[in-house]
Amino acid sequence: MERKLAELLVQDNVLSQADLDTALTKQAEKGGSLGRILIDNGYASEWDLANALGRQLNVPFMTLSHYEIDPEILSSIPEDIVRKYQIVPVDKAGDTLTVALSDPSNIYLLDELRLLTGCKIVPVISFESDIREAINTYYSSGDSDYDDMLKEINDDELRNTLDMLESAANDELDEDELSLDVDDAPVIQLVNLIVSEAIKMRASDIHIEPYERDLRLRYRVDGLCHEMKSPPKKFQNAIVSRIKIMSDLDIAERRLPQDGRFKVTIGGKAIDFRVSICPTVHGEKVVMRILDRANLMLNLTDLGFTAEHLEKFENQIRAPWGMILVTGPTGSGKSTTLYSALSTINDPRKNIMTIEDPVEYQLKGINQVQAKPEIGLTFAEGLRSFLRQDPDIIMVGEIRDKETGEIGVKAALTGHLVLSTLHTNDAPSSINRLTNMGIETFLVTASVNMIVAQRLVRKVCENCKRSYEPPAELIANLGMDPSSTFYIGEGCERCLGSGKKGRSALYEIMQVSDNMRDRIIEGISATQLKRIAIEEGMQTLRMAGLEKVVMGTTTIDEVLGATISDER
């Protein structure tokens, strides 16, 4: 069926025959679903496959996030079946039950559902991601499980658990122990529940913070921290010790910061966690960064590039040599953009090497090195070693100093494509940043091909989205068309009352032209360079943000909070 769908996409000119042949080769080598390979490699989108499947089977498509499901209908199929087969019941009329699933060609599943429910099953197609999100939204919020678990744990049991955790510090931990299905010590289950709820909420970080009389639990969702129901203070040491054991850290050391990693498998997905533990006045604070590969967008079209920007960016990342810099503050999505670029140009015929601190995601077919400054493996030393490894493409996690910058620039001038990040506020000021490090101006202009500045803005929640009229004075000051339609989110359960759900990137792409190179060597300022870039067609971060406001993707307040005026 998947092969027929792919051939249908080729007929519709959505997919090229060459891309299909490449995907089939990858499937033969690595196995797995052809549809997933097409999506992960950017050959086709979820919508392309769903649309083709719907036409092939004459089954309608449904966006679950636009639909409110009655709780009575949800109870028509047991939760364990819903989670096992990744399906969602959405409507019921008499003895006819409508079920959303990603593959309605699975007649065995449809027959099983018919026998289980006693109803006629009518399938509709939905995205896998939509179905996962709906399941996490409608099933098992976790509050009652959380409360019940806290009631189960008495003081003696807590002390016994803490003793057990400390005695297990030197034992090797099997990943299966971390499964939520394990009937283990209640504190261990409590940590598992904290982790699983964060994943359900699409959190990027978990914060466990000790204070004098209480313990605070917060999840960072779409860039903002949300306070959650916290465990009692008496659980503090047991929770921290459990996390230390999971991360292979020293549970006896409570005076110094520690960093570690662990991996769990939840809902059939392997998810990495990067753990940082820092001693505070009232105990150890824990921050766990969730690295869920399922949420890593390796398809450049999903990141927020416009068609024009995407074409410019792809042309440069496919260049044979030169340097591409991605700039922005911490947490602006620079690493995701670079990972997506590497995934796009990943080719068995090319030798791709990266040095990162830390390695957040492991990409198949790419040689990734973890920087370890404490033993002398800095970015600069890693780069020197790379140049003896015959690389075609090099990624450096960040240019932090003159030495790293100079080696990267020289690599770009000697036939290598170099990708890296830099901490600057916009694209034009990156040139000054490099020269201020002490890198010669002529080397910078000769090597840098493109600079991409980016910011993340929250998207309007599709579930509670409505149009509104912003103040006329604000629209006039921003130079926007007053006849445009503007949207905000009213706030609902799905967006935690914020009116915003998910994030999109704003991009400022500056291609370094020959005219710019001449002017940079003359010594022009970043402000003058920005004016020239705009004259040559560069869209600033503020311009990109306002364009997404008009598209209904985000709101004016989000753009104003993430960007500065171009007149500054």
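Okay, here's what the table says:
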| item | result |
| --- | --- |
| Trypsin sites (Lys or Arg not before Pro) restricted to segment 211-295 and DSSP loop, no more than 13 other C-beta within 10 Å | Arg213, Lys229, Arg255 |
| The chain - share of DSSP beta bridges that are antiparallel (%, nearest 5) | 65 percent |
| Segment 305-316 - phi-based ³J(HN,Hα) in whole Hz, Karplus 6.51/-1.76/1.60, Gly and Pro as x | 5, 6, 4, 5, 5, 4, 4, 5, 5, 5, 4, 6 |
| Label corresponding to log10 I(q)/I(0) by the Debye sum over Cα atoms at q = 0.07, 0.10, 0.12 Å⁻¹ when calculated from the structure given, among (1) -0.55, -1.03, -1.27; (2) -0.52, -0.95, -1.17; (3) -0.49, -1.03, -1.41 | (3) |
| Prolate/oblate/rounded label for segment 311-365 (Cα gyration tensor, a/c 1.5) | oblate |
| Anisotropy class of segment 429-568 from Cα gyration tensor, a/c 1.5 cut | prolate |
| Isolated Cys in the chain, by beta carbon distance under 4.7 Å | Cys119, Cys225, Cys278 |
| Segment 249-347: relative contact order as a whole-number percent, Cα under 8 Å and 6+ apart | 19 percent |
| Charge context of Gln368, other residues only, Cβ under 12 angstrom, K/R +1, D/E -1 | -2 |
| Cβ-defined net charge surrounding Cys119, 13 Å radius [Lys, Arg +1; Asp, Glu -1] | -1 |
| Candidates per trypsin sites (Lys or Arg not before Pro) in segment 73-118, loop by DSSP, up to 10 other Cβ within 10 Å | none |
| Protection-proxy order for peptides 373-381, 426-434, 468-476, each taking the mean of Cβ atoms within 10 Å per residue, highest first | 426-434, 373-381, 468-476 |
| Cα shape, segment 273-419, gyration tensor, a/c 1.5 rule | oblate |
| Of all accessible heavy-atom area on the chain, the percent that carbon and sulfur account for (1.4 Å) | 46 percent |
| The chain - mean residue ellipticity at 222 nm from DSSP helices (-39,500 (n - 2.57) per run, n ≥ 4, rounded to 500) | -11500 deg cm²/dmol |
| Around Gly405: net Lys/Arg minus Asp/Glu count, Cβ-Cβ under 11 Å | -1 |
| Solvent exposure of the chain as accessible area per residue, Å², 1.4 Å probe | 48 Å² |
| Where trypsin sites (Lys or Arg not before Pro) fall in DSSP loop in segment 340-386, at most 16 other Cβ within 10 Å | Arg349, Lys350, Lys364 |
| Contact order normalised by residue count of the chain, Cα under 8 Å, 6+ apart, percent | 9 percent |
| Leading residue at positive end of dipole, segment 436-561 (Cβ point charges), from Val559, Met516, Gly497 | Gly497 |
| For Leu215, distant residues with modelled amide H under 5 Å away | Lys233 |
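The values are calculated or read from the model by the stated rules, or taken from the named source; none is laboratory data. This one's a predicted model, so the numbers in the text were calculated from it and none came from an experiment. Note: ideal-geometry Cβ built from the backbone for every residue, glycine included; neighbour counts use all protein chains shown. Calculation scope for accessible area: heavy atoms of the full protein, side chains included, ligands and nucleic acids excluded. Shrake-Rupley method; radii C 1.70, N 1.55, O 1.52, S 1.80 Å.
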